[in-house]
Each structure stands twice: as C-alpha cells, then as structure tokens.
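The values are calculated or read from the model by the stated rules, or taken from the named source; none is laboratory data. Please read all numbers here as calculations on a predicted model, not as lab measurements. Neighbour counts run over all protein chains shown; Cβ positions are idealised from the backbone, glycine included.
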Amino acid sequence: MIGTGLIGTSVALALRGRGAEVLLSDADEASLAMAVELGAGTPLSGAPAGPVDIAVLAVPPAAVAGVLQEAQKEGLARYYTDVASVKARPVMDAIAHGCDLASYVPGHPLAGRERSGPAAARADLFLGRPWALCPTQATDPEALEAVTGLARSCGAEVHLVDPVEHDKAVALVSHGPHVVSAAVAARLERAPDVALDLAGTGVRDVTRIAASDPALWVGILTANAEPVAEVLDAVAADLALAAAMLRASAGAGPDVADVIMAKVGDLLGRGNAGRARIPGKHGGTPSAYTLVQVVIPDRPGELARIFEAAGDAGVNIEDVSIEHSPGLPVGVAELSVRPEAAQPLAVALRERGWAVPVLP
C-alpha cells in the first residue's frame, strides 16, 4: 500500500480483516505510523524479497504515473492499481511515462468521508459500495482478475468502466455536486447568527461534503476540469433561470406569477425525478420508504432503546436521521422503514412511551 490516507488505510484495514499481509509505505512518517498503530499493516522498509501480489497506489491523480513508474522499476509487485478519483489523466500520464500498462488496472472505489487521513479510515468503508475498474486495451486479463478480487475482498461491487466515461460519470455524481455543496456552504460563512440558529437537516445534508479537505479537492477537480465545468455550467443555467423567474414573479399579478413559477416548478419536478433514479440500498432499485417520526430526549441510550423496540417488533430500520430542537434538550428521530412496517413500528414505540405522530 503506497499511501496511508483515508482510502489507502481503509483498503489496508479491509484486507487485513480478510487475513492478508499488507506492507505500508508513505512519505509522511506520521501518517504511516498512525496507520501501523491502527493495525493496517507493517512498514515497507526497502524492497520486499520478491514482488508482492498487488501494489495499491493511494496517491493523488497527478502523482499516480510517477509512483507507478518508480514501483515498476523496483519490481515491487506483479500487478498495480490505484484509487484516484480521476482515471483518464493517470492513464495518459502512465503512457507518457512509459509505464507497463499490462500490469496496471486503473481503479476508483467510490466511497469516502468528509474527514481525511488514516485516523478517519474504516475497514467497512467499501461494503456494498461501487468500485470502478477501468482497464485499457493493454491490461492483462490476469491483472484485472487479481484487482477485481482485491476490490471484492474489501466488500465492494465492481463495475468495469472506460476511463473517459468514468470521468464524465463522476463529474456528474461526485465532483460537480461537491463544488455545488461548497458554493451553498460558502453562503453561510458570513451568515447572521439567526440564520445559523435556524439551520436544519436540509442545509446540513446539502453541505456535509463541503467539509472535505480543499487541497485534496483542488487536485481532483484540476484532473477532471472539463467534465466538471460542463456539469457546473448546466447547474448554473438552471439556477440562473430559477432566479430570473423568482424576480419576475415578485412584481407580477397572481395569474402571471403562476405561469412564471411553473418554470421553477418544472425544475423542482425534474429534481424529484432525478433523485428517484439514484439506486437504493445495496445498489438495487430505489425503494419507497415511510418516515416514522419519534420525539426523543437528548440523553444517553435513547436511540439504542428505539432500535431495540424496532427489533422486538420485527421491523428493520432502513435509515435514520435526527433533527435537534434549537435550545431544547429534545429532538425528532426520523426512521425510514418499509411502508408495511410503519404502523407496527409506530404502535410498538407508543407502547413504550415515545411520542409518535399519527401516520396518514
């Protein structure tokens, strides 16, 4: 494992959990030491006695080709892969560096957190998550088979994607949304305290990923600049139209305002349709869930009691979020369950003393 940041250390921890021997390398000695302390592997000191099975290059996109070239010169591994979130540039750079493309399988696990570094690593980070592999025409089938096995050992779902197609896809579902999230969060930098006091789950959901390391993301966006710019242009056009319609409606009569606002409604409707296309849990067909709201006091053990009640009622909680009440030691837990399980769960919770609104 070359690189012991969030992704590299998480891959190492996942593989260690399957009994694999993992050798770790990082130019940052503090990062390496923490990864070792976490049990991710042992330090790679000098070249191993013989080539290891797979070398994972957990470095930024711009550094992949240089690290790959050096590792191949040393005969470090039989096969090589990377985990950079951009694929076309590393492949082109590898060609320019004269790297052996037969043993190299470009890869990208689509999992992460807003925190960075080995301290944020988790062995279960990739469970059920997509892991894109982007072999080129020169990729050896045995190399692809080996790296596929590595990704599946981490619990990921492997998807074979062309490098250019990959970059356009992640611009739409990852890189572009990150910039949009940052733009929304940036509006809060000088926001009045009253606005922040009223902040709820909506703004928290939209801005969560904006907490990620800016330097890391500048590198990612630089490596995938054109596809991301196209996504942002399209989003900006929708936002500009919505702003223009809102301004026009402010001074118009009711009948005219309704016609104008229909265009804003169209955007919101397309948002509903796009959101509905996102795959559901485990990458399957999106599921329709019912929300069961529970008023809970802010004290230890309350969530555990709710989950215990759900388990006793035979109900699986698919997702959970908590909305805290400003200035009060209570909050509302929103439990997502299958529609048929909503009433049994509500009844079970009420019987144990929780306040649950009547379901429609």
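Run down L150, L57 and say which single residue is free of Cβ contacts under 8 Å to residues at least 60 places away in the same chain, in contact with a strand residue (DSSP E or B) (Cβ under 8 Å, 6 or more places away or on another chain) and buried (at least 23 other Cβ atoms within 10 Å of the Cβ).
Numbers: L150 fails: free of Cβ contacts under 8 Å to residues at least 60 places away in the same chain.
After applying the criteria, what remains is L57.
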Scanning the range 266-281 for residues that are surrounded by 10 or more Cβ atoms within 10 Å (Cβ to Cβ) and not in a helix (DSSP H, G or I), the one modelled with the lowest pLDDT turns out to be G280
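Which is loosely packed, with under 12 Cβ neighbours inside 10 Å and in a helix (DSSP H, G or I), of A243, A257, A248, A236?
On the way: A257 fails: loosely packed, with under 12 Cβ neighbours inside 10 Å; A248 fails: loosely packed, with under 12 Cβ neighbours inside 10 Å; A236 fails: loosely packed, with under 12 Cβ neighbours inside 10 Å.
None of the other options fit; the residue is A243.
Results for (1) surrounded by 23 or more Cβ atoms within 10 Å (Cβ to Cβ); (2) hydrophobic (A, V, I, L, M, F, W, C); (3) closer than 23 Å to P227 by Cα, shown as yes or no for each residue.
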{"position": "L15", "(1), (2), (3)": "no, yes, no"}
{"position": "S45", "(1), (2), (3)": "no, no, no"}
{"position": "D82", "(1), (2), (3)": "yes, no, yes"}
{"position": "A88", "(1), (2), (3)": "no, yes, yes"}
{"position": "E114", "(1), (2), (3)": "no, no, yes"}
Quick one: in the range 180-213, which of the residues that are part of a loop (DSSP other than H, G, I, E, B) and not hydrophobic (A, V, I, L, M, F, W, C) is farthest from the chain's Cα centre (by Cα)? P192
Lone unmet requirement of (1) in contact (Cβ under 8 Å) with a residue 40 or more places away in the chain; (2) outside any helix (DSSP H, G or I); (3) under 29 Å from the mean Cα position of the chain (by Cα) for L15: (2)
Scan the range 167-185 and give yes if some residue there is loosely packed, with under 14 Cβ neighbours inside 10 Å and more than 30 Å from A333 (Cβ to Cβ), otherwise no. no
By residue number, the members of the range 213-264 that are small (G, A, S) and under 27 Å from R89 (Cβ atoms) are A215, G219, A223, A225, A229, A234, A236, A237
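One line per residue, one yes/no per condition, for (1) part of a strand (DSSP E or B); (2) farther than 19 Å from W131 by Cα; (3) among the β-branched types (V, I, T):
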site	(1), (2), (3)
V36	no, yes, yes
G50	no, yes, no
V56	yes, no, yes
L68	no, yes, no
Q72	no, yes, no
Y79	yes, no, no
Qualifying residues in the range 162-196 (those that are free of Cβ contacts under 8 Å to residues at least 40 places away in the same chain and basic (K, R)) - the one farthest from V105 (Cα to Cα): R190
Return the residue satisfying two criteria in turn: it lies in the range 122-147 and is more than 18 Å from V91 (Cα to Cα) and surrounded by 16 or more Cβ atoms within 10 Å (Cβ to Cβ), and of such residues it is modelled with the highest pLDDT. A146
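Can A199 be described as of a type in the set (G, A, S), in contact with a Leu (Cβ under 9 Å, 6 or more places away or on another chain), without any contact (Cβ under 8 Å) to a residue 60 or more places away in the chain and within 30 Å of G117 (Cβ to Cβ)? Walk me through how you get there before you give the answer.
On the way: of a type in the set (G, A, S): yes; in contact with a Leu (Cβ under 9 Å, 6 or more places away or on another chain): yes; without any contact (Cβ under 8 Å) to a residue 60 or more places away in the chain: yes; within 30 Å of G117 (Cβ to Cβ): yes.
It is true that A199 is of a type in the set (G, A, S), in contact with a Leu (Cβ under 9 Å, 6 or more places away or on another chain), without any contact (Cβ under 8 Å) to a residue 60 or more places away in the chain and within 30 Å of G117 (Cβ to Cβ).
Any idea which of A94, A132, A143, A151 is touching a Ser or Thr at 6+ places or on another chain (Cβ under 6 Å), outside any loop (DSSP other than H, G, I, E, B), farther than 23 Å from L32 by Cβ and not basic (K, R)? Can you show your working first?
Working: A94 fails: touching a Ser or Thr at 6+ places or on another chain (Cβ under 6 Å); A132 fails: touching a Ser or Thr at 6+ places or on another chain (Cβ under 6 Å); A151 fails: touching a Ser or Thr at 6+ places or on another chain (Cβ under 6 Å).
Result: A143 is the single residue among A94, A132, A143, A151 that is touching a Ser or Thr at 6+ places or on another chain (Cβ under 6 Å), outside any loop (DSSP other than H, G, I, E, B), farther than 23 Å from L32 by Cβ and not basic (K, R).
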